[in-house]
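Each reported figure results from applying straightforward, stated rules to the coordinates on display, with no laboratory input. Just so we're clear, the structure is a prediction, and the values are computed from it rather than from any experiment. With ideal geometry, Cβ positions are generated from the backbone for all residues, glycine too; neighbour counts draw on all protein chains shown.
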Amino acid sequence: MSEHRWNSRGAIAVAAAGALVASACSPGAGPTGGGELGGVELTVAGKWTGVEQEGFEAVLASFEEETGASVSYESTGEDTGAYLGPKIEAGEPPDVAVLPQPGLVDEYAEQDALVPLEGEAATTLDEQYTDYWRDLGSVGDETYGVLIKAAHKSLIWYRPGAFDEAGVAAPETWDELTDTTSGTLSDAGITPFAMCGASGWTLTDWFENVYLSEAGPESYDQLAGGELSWTDESVVQTLETLAEIWDEGGMMAGGQSGAVQTDFPTCVTQVYGQEDAAMVFEGDFVSAPAAEAGATVGEDAIAFPFPAVGEEPPVVVAGDIAVAMTEDEGVQELLAYLASADAQSVWAEQGGYLSANSEVTADAYEDEFTQELAQTILDAGENVRYDLSDQVPSAFGATEGAGMWAILQDFLRDPSDPEGTAEELEQAAPES
């Protein structure tokens, strides 16, 4: 491998608590039907737009071809809860919803808005997923959902040409990132970061990675579980650490005002299309908009692991969970298909995707870089954790214009008062 390829130090995981890629799936392992659902019409609601939506719709088209069913896709936008809430209240939910937070599975299960997995859907989940992933779609002893798209959220993507021009290499520590790498890029007239601040969830990802590495897994779990106050010194320290980048307008394309107005995936095009910056922080799914901007993943779109702030580098994972909201004909069959290795291999071919199904093989991914990303969490050790903001109630952790999203956007605009921001987070957090 060249100096810009993913190396053994950086072969971080995408999944958790088990292998992400394992045995080969046999041909025809997914449901086959030859039209047994002809005439059945189903609706699926999910957050994806753009190239991510196109990838998912390719999977739905494959299901339609195999079964004869007709499936329409509805985009919920960033705020899945705001979209689904009125539909559930009106008694008109989609047949299948794709939830971006396990916290939403808990909330809707408590409202009796979900239908448990049955038949082949339950069998596929049991046989092709590890305990870690199965638990994400369960509430108590009942299983409602299957994680159909995994995300590795501890990556910083960069443009090798910019690094070569400045004479810098991928950093391994936070100090190297902020001082050596970013400082040298800036001295060379290259803006270090594109920021995706208009999409508040990206800012929670920044916080989670720094907090996990700096405060450690135990404090991370306590904070996620409501056992630790958001005014704790560890939270203040993480905000102070973030300010080392967020408080420097020259670190970000467009400065702080521009950063908070730039959404995902526009921030990706600032690195790979417009070349306005050298780096952008976000998950493996950056590969899709990077490719759309003309970059070749693994060659001129490369990622390095989020650098260690404390003793160990963080590994934050996330994913999207498909659940049934009606008992209509074809719903369980669609869930079984979405859970299958066949369906997820179709999606892997589209790019910008990683699977948590143990039977999706490495050769399902088109490029070596993504294959290496998909090889598992074994190197991550005990420091892997699920996205914190997705574990807490969505009103606090995943709502546009409120909670963590809005408070961290305000902090990006003006990072001068970490203690005040910590107090705002504490006031907005749900009572434990």
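Using a Gaussian network model of the chain in which every pair of alpha carbons under 10 angstrom is joined by a spring, one finds that among 235, 168, 323 the greatest mean-square fluctuation is at 168. Of all DSSP beta bridges confined to the chain, the antiparallel ones make up roughly 60%. Taken over the Cα atoms of the stretch 307-348, the convex hull encloses 106 Å³ per residue. Kirkwood-type hydrodynamic radius, the stretch 40-88: 11.5 Å, calculated from all non-identical alpha-carbon pairs. Each principal axis of the stretch 81-165 carries a Cα extent, and these read 57, 34, 20 Å when sorted largest first. Label sites at residue 410 and residue 53, each approximated as a point 7 angstrom past Cα along Cα to Cβ, lie 3.2 nm apart. The relative contact order of the stretch 46-100, computed from alpha carbon pairs under 8 Å that lie at least 6 residues apart in sequence, is 45 percent. Separation of the stretch 163-194 from the stretch 210-224 is 27 Å, based on Cα centroids. The modelled label-to-label distance between residue 169 and residue 111, using points 7 Å beyond Cα along the C-beta direction, is 5.2 nm.
If R0 is taken as 25 Å, the Cβ-Cβ distance between residue 72 and residue 299 corresponds to a FRET efficiency of 0.10.
Among residues other than residue 155 whose Cβ falls under 11 Å from its Cβ, what is the net charge (Lys/Arg +1, Asp/Glu -1)? Charge balance near residue 155 sits at -2. Can you compute the FRET efficiency between residue 65 and residue 90 using 1/(1 + (r/R0)^6), with r the Cβ-Cβ distance and R0 = 41 Å? Round to the nearest 0.05. E between residue 65 and residue 90, to the nearest 0.05, is 0.80. The translational diffusion coefficient of the stretch 239-288, from Stokes-Einstein at 25 °C and 0.890 mPa s with a Kirkwood hydrodynamic radius over alpha carbon pairs, comes to 213 µm²/s.
Going by how many other beta carbons lie within 10 Å of each one, how would you line up 196, 267, fewest first?
Fewest-to-most ranking of 196, 267: 196, 267.
Between residue 127 and residue 221, the C-beta separation translates, for a Förster distance of 22 Å, into a calculated FRET efficiency of about 0.15.
State the Cα centre-to-centre distance between the stretch 50-79 and the stretch 137-151 in whole Å. Using only Cα atoms to place each centre, the spacing works out to 20 Å. Within the shell of other residues whose beta carbon sits under 11 angstrom from the beta carbon of residue 341, the net charge comes to -3, with Lys and Arg scored +1 and Asp and Glu -1.
The convex hull built on the alpha-carbon positions of the stretch 50-204 has an orientation-averaged projected area of 13.1 nm².
Each listed q (0.07 Å⁻¹) maps to a log10 I(q)/I(0) for the chain, found by the Debye formula over equal Cα scatterers with no solvent: -0.32.
Using the rule -39500 (n - 2.57) for each DSSP H run of four or more residues, divided by the residues of the chain, the 222 nm mean residue ellipticity is -11500 deg cm²/dmol.
Here 117, 125 are placed in order of increasing Cβ neighbour count within 10 Å, fewest first, which gives 125, 117. Both radii are taken from the alpha-carbon atoms of the stretch 261-354; with Rh as the Kirkwood radius, Rg/Rh is 1.08. Once the mean of 1/r is taken over each pair of separate Cα atoms and inverted, the stretch 320-432 shows a Kirkwood hydrodynamic radius of 17.7 Å. Over the stretch 198-299, the alpha carbon radius of gyration divided by the compact-protein estimate 2.2 N^0.38 Å works out to 1.22.
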